[in-house]
Structure formats: structure tokens, C-alpha cells
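Engineer: Let me give you the structure first, and then I'll get to my questions.
The values are calculated or read from the model by the stated rules, or taken from the named source; none is laboratory data. No experiment lies behind these values; they were computed from the predicted model shown. Reconstructed Cβ throughout: ideal geometry from the backbone, glycine too, with neighbour counts over all protein chains shown. Only protein heavy atoms, including side chains, enter the accessible area calculation; ligands, DNA and RNA are left aside. Shrake-Rupley method; radii C 1.70, N 1.55, O 1.52, S 1.80 Å.
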Amino acid sequence: MPRKKLVGSRSFGEPLTDDPDDAPEVLDEFFRTGEITQGAKVIRLGRPPLGDKPKGSVTLRLDADVLETYRALGKGWQAQLNADLRRARKLKKSA
């Protein structure tokens with residue numbers, strides 16, 4: 001089930017202004033902290049920090065009906081698959 005690639009302003013949210021010349025000034029603070037703020041709110045981009053025990057990436061071949069069932073769960077289906085595998089193998093939840 002191929003996904004459509006988002007293009008233009010949809011991939012970055014709504015523009016803050018109608019005037020393209022009214023872009024916010026990029027300050028040295030941005031390059032030091034690497035954070036984008038809108039008012040007092042920090043807008044986080046990208047993946048969250050991995051922590052002490054990052055998950056590994058694997059290529060796994062599943063039956064079509066199994067894959068469809070998990071994908072039908074929507075967002076977070078990979079986490080649900082991980083939880084089901086832990087339960088099936090009677091593994092304790094990682095810290």
C-alpha cells in the first residue's frame with residue numbers, strides 16, 4: 001500500500017505569514033540549540049532521543065494477512081507488533 005509523498009506547505013504545516021519576505025530571522029541561538037520555537041513553545045522535529053537501549057531495525061517478512069491486520073490498527077502498529085511478540089515469547093518489558 002504505497003503512501004503519497006507530501007509536497008509543499010502540507011509537509012511543513014501552515015505558513016506563519018502570507019508574505020514570503022516576512023520570514024523570521026535566523027539567529028545564532030537557533031544554531032546553538034537546534035530548536036525551533038513559536039512563542040514560548042518549542043517545536044520538536046525529527047525522532048525523539050533513543051535513550052539507553054535503542055531499538056534495532058530489522059527487515060521481516062510476514063504473511064500478507066498478518067501485515068494487513070497490523071497495519072489496519074493505524075498509527076503505532078509496529079509498537080503493537082513488538083508488544084505481541086514480547087507477550088508470545090514471555091519477555092519482560094524492557095526498561
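Engineer: Given Cβ point charges of +1 (Lys, Arg) and -1 (Asp, Glu) and nothing else, what value in debye, to the nearest 20, does the dipole of segment 47-95 about its Cα centre take?
Structural biologist: Here the size comes out at about 340 debye.
Engineer: Here's something else I'd like to know. Suppose the chain between GLN38 and ALA83 were pulled fully straight at 0.36 nm per residue; how much longer would it get relative to their current alpha carbon spacing?
Structural biologist: 12.6 nm
Engineer: Here's something else I'd like to know. Among THR59, THR37, THR17, what's the order by accessible area (1.4 angstrom probe), most exposed first?
Structural biologist: THR59, THR37, THR17
Engineer: Also: Please label the shape of segment 40-95 as rounded, prolate or oblate, based on the square roots a ≥ b ≥ c of the eigenvalues of the alpha-carbon gyration tensor (a/c under 1.5 means rounded; beyond that, a/b larger than b/c means prolate, else oblate).
Structural biologist: Note, shape of segment 40-95 comes out oblate.
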